[in-house]
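Novice: I'd like to ask some things about the structure below.
The values are calculated or read from the model by the stated rules, or taken from the named source; none is laboratory data. Just so we're clear, the structure is a prediction, and the values are computed from it rather than from any experiment. Here the Cβ positions follow ideal geometry from the backbone for every residue, glycine too, while neighbour counts run over all protein chains shown. SASA here: full protein model, heavy atoms, side chains in, ligands and nucleic acids out. Shrake-Rupley method; radii C 1.70, N 1.55, O 1.52, S 1.80 Å.
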Amino acid sequence: MGTYYEGLDSDNLPGLIFEQDHFLTTNRTYSKTNEVFTPDMRSVVRVRDMVVVEDHYVHEDYSVQVPHTGHVPFFTSCQGSVANFLSLGDILHPPSEEYSCGTNSDCIMLDRQYDIFYVDVVRTFVSSDDVAFTVCSGQKYVAGEVTHTLKVGVGASYEEMSNTMTLVLGEMLEHRIVWVRETSQLFIVNEGYLYTWTLSNVFTNVATLDRVVKFLEHDPEHAKDRCITDILNVKMCEHACQYVIEVKATYWLSNNASSYVRQPAGTPNNTLTFPKSAADTFNTTQDYRDEMGNLGLIQLYRFGDTDFRGELIRFLKNRIRRSRENPISCLVTLCRAWNPDDRLTLEQIMAELLPPRYITWIPDPHEEKSTEPLAILLEIAQKQPRVFGVAKVVMDYCVSHANRSKNLAFLSPLFGSMHEVMELYPEEALECMGRIAFIPVKNRAYIIDNHTLALPPRPRLRFWEPRTKPLVKTNDPIMQFNFTGAKADSSNDGFTRPVFIASFDALWYYKDQQQTEMKKDGFQAASNTASTTWWKTLYHMFRLKCHVKMPAIVECYNFNLEFFDNPAIAALVAYKWNTIGYTYWLFRFVFQCVFYCLVVTAALMQVYYSDPSKMVELFIVIIVFAAIFLWLELLQAVHSWSRYSGSTYNGLDIVAFGLPLVASALQLSAIATGSTTGNTGESDAIPTGSKIGHTRFMSASVLAVFLHMGGRYDPVSQLFETEDWGFHLMMILFFFFTVIVMLNVLIALINVAFQKGDDGWRLAWIESRLRYIESAENMSHNIPGFRQTHDWFPKQIYFSATPQQVRDYRKNGEDSEDEVDPIFNNVPRPKEGDEQADEQTEEQTEEQTEEQTGEGDTAEGEGKGDGEDEGECQREDGNGDGEQGETKAEGDAVTRADGQETQEEQATTDETDTKDSKGTNSQRQKEKAIEHISKLDLRTQVSELQKQLTLQQEQTQKQLTLQQEQSQKQFDELKELLLRATANKAEK
């Protein structure tokens, strides 16, 4: 290959050899304004003479593929969520362009004439193709504001103009326009902006926006003033790819047009160049000019008509995706520029750029929050809550396309900012969580063939052996992707439920950037940490519990109980509970049960043992256990005091652990001092009538009333035998209020509590499990080798649900357009509550019934076909009773299917007859109503007609709802039959 010197580490390093002709080098360092960049420049070097043939920019995650021997290699690189493919031939021999001029070319810079446009100025420009375009300036009033416009059309005069389009320019009266004949382009200079429009008589719109830049730096002192820029000289190449514009010193016109603010005398003129060169005197970078130019379109959008707005949206859509020419997405620029005055306009623009019907933006899961549109908007929402209108557009776009494309990457902006959304807009967060509860998996068959079940824990004698259970026999299975390469299990073909996907980003978020990077590399190779064992895990767990502030890697969102009524969240919690949560809880539960047993043992020994010195060791163990549990309570309080103080059960835990600790300490103190008071079983605590003195009257009365309510009447037993009518009257009132009134109130309160617990116990259970799971997940990050030893930490899981469960869940919320059928994912789910005319509804119902009947016939035909084929194989092979039994079983299955379809047809016939009879009865009722109304006066007739119309509409709506429910039920049953018949056919 010749001689090659490696040079410095930061110099060109060989990266890859392309066959025998070329090789690739990498240049990794490049300095600019005291910052270090890695532009990912690759140089293709020719082996023959070691000459750099081409410098090409690709991302650092590039790779090179050679599909077949003799084919040209090609690059594959990732730019956000978009894959780029570029062949080596295109790098070495780029496709020829009509205009190939660039910064290093020798194009001649030509002087260009410019025109100054005021109101009602008409100019005609002719292109190199002899096409005439007429431009006319004017004014437009919108909502009391005036803006200046340019009307552009094809034609040699104003009267001959056709295919016109009105360009909005802004508030300034004067505009400088440069016409480039060779490229049919208009360069418009106005208020520090430079717009480039291409005119054509071929496209639908006569004008197409190519570029917009703002070359002036933002000046806060003149934020509300109008900028005036006068052009002195313009030079451009014939391709309009390079230009040099000399601009007079900028001055401003005050907002009320009362005074000018000029630059000091002697201020030199400025020079604007593109591409930016050393001759450029403006203190703005090219990226800044493009970014601020996009912002200037917001004001123009307000005054534009439909065609002009559509052209602006087309221009911005091309700048959504980042590239080398467009390093910052226009979405980021627009979100950063939000302000209360332009919020409605910006909301309209974002709705056009992010439509729910088709994809314009693919979020990058690795995006930083500083350049993520939703995160930028939520940061603004801390001070300006009205920004949520734009944020809602972004959230709806992400949720809609996550459901439509079955791709969780669209939810990365939402998950990355879910913590802020729940704090600022909890209702919207609940709605979004509900809409992503059932996201269908993209390739169901592949997941069914390559998965591992997360089975719920069950006590087993052979606990050391792994549990196995067929997918078909598992209720509500939760699956984890696991590629084994083994042959697919044929029994899984009988599993016909739809499969949905859920991400653990819906449960928690990573607290800092370092752990966010850890989350990104969820599928990366295992670290160098060796696998761990159970005793090492216990050792590290005890060490972690000794720290007051254990490092928290993940933190759950601030869920309330309504969020847990979500199948996806319930499945995520169930998976973690089945893998790591249950083991962690069981370890804590066993130790806590041992503690309670020790407390009960100490209480019984105090009653039945007269020598308390034998219980010293027991009291010490109780104190140790109680101290450990109180320390764990302290850790919970330090981790999240707001969450800990919000639950009353935590206070009960402190009492349950604190009382035995104090009691054991007092007993040890009594044993040490030799006092045995309280251990004899005798007590004078219960006062009688003779023992109640004046000094102890209050405490004794309280104790006597308490014992009295419990049925012990020792303090007042003697008074019952007296004739003290005042005492007996008080006792009657006492029993009336306590036994009759208060006890019934108590029973009612307990009934309400039970009813409330019966409604929300499952959600509260899920929430309690989530707290253990959160603690176990954080410990798994801090125990060396634990996550490498156990395969319990996937990025997402898969769960199943029946179509009826999906409909029942979605019936509680609003139906959205992104919902699809859970089995046939490309078929939209039938909507409910659509208001249609009676005739159209009946026609659609008949068509749907015919389609369902066709599907049933198909399923029946397939079943019969299977039976005939099986019978032919049996007759040809002449096998024994086994095959006959199989054929008979299949025939029985087909017969049952036929019988079920016959019953459905009969039910459909009965329903039709019922519908006809209902129609006859309805006609008779209408005739009677008309006869009755004819006897009334006009006002009463109108009232009666309104009532009849309302009643008729309600009845019609009820009938439509009932018909739709019955049709949907039949549709689901027929689909189930079809799937079973298909599964039986594949199995045989």
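Novice: Residues to consider are Met731, Met742; find the one that is over 23 Å from Pro551 (Cβ atoms) and open to solvent by 80 Å² or more (accessible area, probe 1.4 Å). Spell out how you get there, then give the answer.
Specialist: Values: Met731 fails: open to solvent by 80 Å² or more (accessible area, probe 1.4 Å).
Testing whether each residue is over 23 Å from Pro551 (Cβ atoms) and open to solvent by 80 Å² or more (accessible area, probe 1.4 Å) leaves just Met742.
Novice: Sticking with this one: For segment 261-282, which positions are assigned to a strand (DSSP E or B), of a type outside the set (S, T, N, Q) and modelled with pLDDT of 85 or more?
Specialist: Within segment 261-282, Leu272, Phe274 qualify.
Novice: Output the number of residues of segment 376-404 satisfying the condition of being over 27 Å from Tyr358 (Cα atoms) and of a type in the set (Gly, Ala, Ser).
Specialist: Adding up the residues that qualify gives 1.
Novice: Inside segment 290-336, can you point out the residues that are under 16 Å from Leu209 (Cα atoms), open to solvent by less than 40 Å² (accessible area, probe 1.4 Å) and outside any helix (DSSP H, G or I)?
Specialist: Gly304, Ile320, Asn326
Listed here are the residues, each with its yes/no results for (1) modelled with pLDDT under 90; (2) under 19 Å from the mean Cα position of the chain (by Cα); (3) in a helix (DSSP H, G or I).
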residue: Cys398; (1), (2), (3): no, yes, yes
residue: Ala409; (1), (2), (3): yes, yes, yes
residue: Phe415; (1), (2), (3): no, yes, yes
residue: Glu420; (1), (2), (3): no, yes, yes
residue: Ala429; (1), (2), (3): no, yes, yes
residue: Gly434; (1), (2), (3): no, yes, yes
residue: Pro456; (1), (2), (3): yes, no, no
residue: Pro466; (1), (2), (3): yes, no, no
residue: Gln480; (1), (2), (3): no, no, no
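Novice: Quick one: is Ile580 surrounded by 20 or more Cβ atoms within 10 Å (Cβ to Cβ) and in contact with a Ser or Thr (Cβ under 7 Å, 6 or more places away or on another chain)?
Specialist: Yes.
Novice: Inspect all residues belonging to segment 611-630 and state whether any of them is open to solvent by 40 Å² or more (accessible area, probe 1.4 Å), within 29 Å of Glu423 (Cα to Cα), out of contact with any Gly (no Cβ under 9 Å at 6 or more places or on another chain) and of a type in the set (A, V, I, L, M, F, W, C).
Specialist: There is no residue in segment 611-630 that is open to solvent by 40 Å² or more (accessible area, probe 1.4 Å), within 29 Å of Glu423 (Cα to Cα), out of contact with any Gly (no Cβ under 9 Å at 6 or more places or on another chain) and of a type in the set (A, V, I, L, M, F, W, C).
Novice: Can you tell me which of Val621, Val655 is part of a helix (DSSP H, G or I), of a type outside the set (S, T, N, Q) and in contact with a Leu (Cβ under 7 Å, 6 or more places away or on another chain)? Give the derivation first.
Specialist: Working: Val655 fails: in contact with a Leu (Cβ under 7 Å, 6 or more places away or on another chain).
Going through Val621, Val655 in turn, just one is part of a helix (DSSP H, G or I), of a type outside the set (S, T, N, Q) and in contact with a Leu (Cβ under 7 Å, 6 or more places away or on another chain): Val621.
One line per residue, one yes/no per condition, for (1) in contact with an Asp or Glu (Cβ under 9 Å, 6 or more places away or on another chain); (2) at pLDDT 90 or above:
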residue	(1), (2)
Val154	yes, yes
Tyr158	no, no
Ser162	no, no
Gly170	yes, no
Leu199	no, yes
Thr208	yes, yes
Arg211	yes, yes
Phe215	yes, no
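Novice: Also, I was wondering about something else. Regarding segment 511-522, can at least one residue be identified that is outside any helix (DSSP H, G or I), at pLDDT below 80 and either closer than 30 Å to Ala801 by Cβ or in contact with a Pro (Cβ under 7 Å, 6 or more places away or on another chain) (or both)?
Specialist: Looking for residues that are outside any helix (DSSP H, G or I), at pLDDT below 80 and either closer than 30 Å to Ala801 by Cβ or in contact with a Pro (Cβ under 7 Å, 6 or more places away or on another chain) (or both), one finds at least one in segment 511-522, hence yes.
Novice: Right, next: Which residues, counting only those in segment 230-246, are in a loop (DSSP other than H, G, I, E, B) and either open to solvent by less than 10 Å² (accessible area, probe 1.4 Å) or more than 12 Å from Val189 (Cα to Cα) (or both)?
Specialist: Cys237, Glu238, His239, Ala240, Cys241, Gln242 - these are the residues of segment 230-246 that are in a loop (DSSP other than H, G, I, E, B) and either open to solvent by less than 10 Å² (accessible area, probe 1.4 Å) or more than 12 Å from Val189 (Cα to Cα) (or both).
Novice: Assess whether Ser417 counts as being open to solvent by 10 Å² or more (accessible area, probe 1.4 Å) and among the hydroxyl-bearing types (Ser, Thr, Tyr).
Specialist: Considered against the rule, which asks whether it is open to solvent by 10 Å² or more (accessible area, probe 1.4 Å) and among the hydroxyl-bearing types (Ser, Thr, Tyr), Ser417 comes out as no.
Novice: Search segment 472-485 for residues that are more than 23 Å from Phe438 (Cβ to Cβ) and in contact (Cβ under 8 Å) with a residue 24 or more places away in the chain and pair each with any residue that is among the acidic types (Asp, Glu) and surrounded by fewer than 10 Cβ atoms within 10 Å (Cβ to Cβ) when their beta-carbon atoms are under 8 Å apart and the residues are at least 6 apart or on different chains.
Specialist: Note: no pairs meet the criteria.
Novice: Can you name the condition, by its number, that Val126 falls short on among (1) touching an Asp or Glu at 6+ places or on another chain (Cβ under 9 Å); (2) farther than 18 Å from Asp305 by Cβ; (3) surrounded by fewer than 19 Cβ atoms within 10 Å (Cβ to Cβ)?
Specialist: (1)
Novice: Cβ contacts < 9 Å: first residue closer than 25 Å to Gly138 by Cβ and of a type in the set (Ser, Thr, Tyr), restricted to segment 285-304; second residue assigned to a helix (DSSP H, G or I) and open to solvent by 40 Å² or more (accessible area, probe 1.4 Å), any location; separation 6+ or different chain. Result?
Specialist: Hits for this filter: Tyr301/Arg309; Tyr301/Gln348.
Novice: Does Ala626 count as at pLDDT below 95, out of contact with any helix residue (DSSP H, G or I) (no Cβ under 8 Å at 6 or more places or on another chain) and in a helix (DSSP H, G or I)?
Specialist: no
Novice: Now for a different question. Within segment 768-782, does at least one residue satisfy the condition of being touching a residue at least 24 places away in the same chain (Cβ under 8 Å), open to solvent by 80 Å² or more (accessible area, probe 1.4 Å) and assigned to a helix (DSSP H, G or I)?
Specialist: The answer is no; no qualifying residue exists.
Novice: May I ask you to list the residues in segment 531-586 that are part of a loop (DSSP other than H, G, I, E, B), of a type in the set (Gly, Ala, Ser) and under 33 Å from the mean Cα position of the chain (by Cα)?
Specialist: Matches in segment 531-586: Ala552 only.
Novice: So which residues in segment 629-640 are modelled with pLDDT under 85 and in a helix (DSSP H, G or I)?
Specialist: The answer is His639, and nothing else.
Novice: Quick one: which residue in Glu767, Glu777 is touching a strand residue (DSSP E or B) at 6+ places or on another chain (Cβ under 6 Å), among the acidic types (Asp, Glu) and modelled with pLDDT of 85 or more?
Specialist: Glu777
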